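**Student:** Below is one structure. I have some questions about it.
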Amino acid sequence: MSYYERHVFFCCNQRDPAERVSCNARGATEMRDYAKQRVKALGLAGQGKVRINQAGCLDRCEEGPCIVVYPEAVWYTYVDRSDIDEIIEEHLRNGRVVERLRI
């Protein structure tokens with residue numbers, strides 16, 4: 001049994017914008033902080049539940065800011081808090097992949 005039911009990694013990599021686009025330039029750190037707060041407020045955080053983490057470069061920044069949810073290895077992009085809310089509700093709480101945000 002895994003320590004967490006689901007582990008979510010937010011790419012929060014920051015690059016020089018002249019070199020290559022990065023997730024953090026699109027608000028990744030703020031969205032990670034929001035997701036952590038929401039998961040905790042909903043009682044989904046902690047051992048045997050959900051863990052939200054920051055990751056370095058996940059090397060998919062060109063596809064939009066990205067996250068990956070394990071153990072399913074489902075990759076998502078997002079635009080705003082409503083997308084994060086949908087991922088939390090549908091995938092983290094109910095176990096259903098949000099196909100419209102999947103990359």
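The values are calculated or read from the model by the stated rules, or taken from the named source; none is laboratory data. Bear in mind that the values here come from a model prediction, so they are computed numbers and not experimental data. Here the Cβ positions follow ideal geometry from the backbone for every residue, glycine too, while neighbour counts run over all protein chains shown. Ligands, DNA and RNA are excluded from the accessible area calculation, which covers all protein heavy atoms including side chains. Shrake-Rupley method; radii C 1.70, N 1.55, O 1.52, S 1.80 Å.
**Student:** Would you tally the residues in the stretch 63-103 being out of contact with any strand residue (DSSP E or B) (no Cβ under 8 Å at 6 or more places or on another chain) and surrounded by fewer than 13 Cβ atoms within 10 Å (Cβ to Cβ)?
**Tutor:** Going through the stretch 63-103 one residue at a time, the tally reaches 8.
**Student:** Can you tell me which residues in the stretch 1-16 are open to solvent by 50 Å² or more (accessible area, probe 1.4 Å) and touching a Ser or Thr at 6+ places or on another chain (Cβ under 7 Å)?
**Tutor:** 14
**Student:** While we're looking at this one, here's another question. Tell me the strands (runs of 3 or more DSSP E) entirely within the stretch 1-78 that contain at least 3 residues that are within 17 Å of residue 96 (Cα to Cα).
**Tutor:** Filter on the stretch 1-78 gives 6-11, 66-70, 74-77.
**Student:** While we're on this one: Out of all the residues in the stretch 17-51, which are open to solvent by less than 10 Å² (accessible area, probe 1.4 Å) and among the aliphatic types (A, V, I, L, M)?
**Tutor:** 28, 35, 39, 50
**Student:** Is it true that some residue in the stretch 79-92 is over 13 Å from the mean Cα position of the chain (by Cα) and part of a loop (DSSP other than H, G, I, E, B)?
**Tutor:** No, the stretch 79-92 has no match at all.
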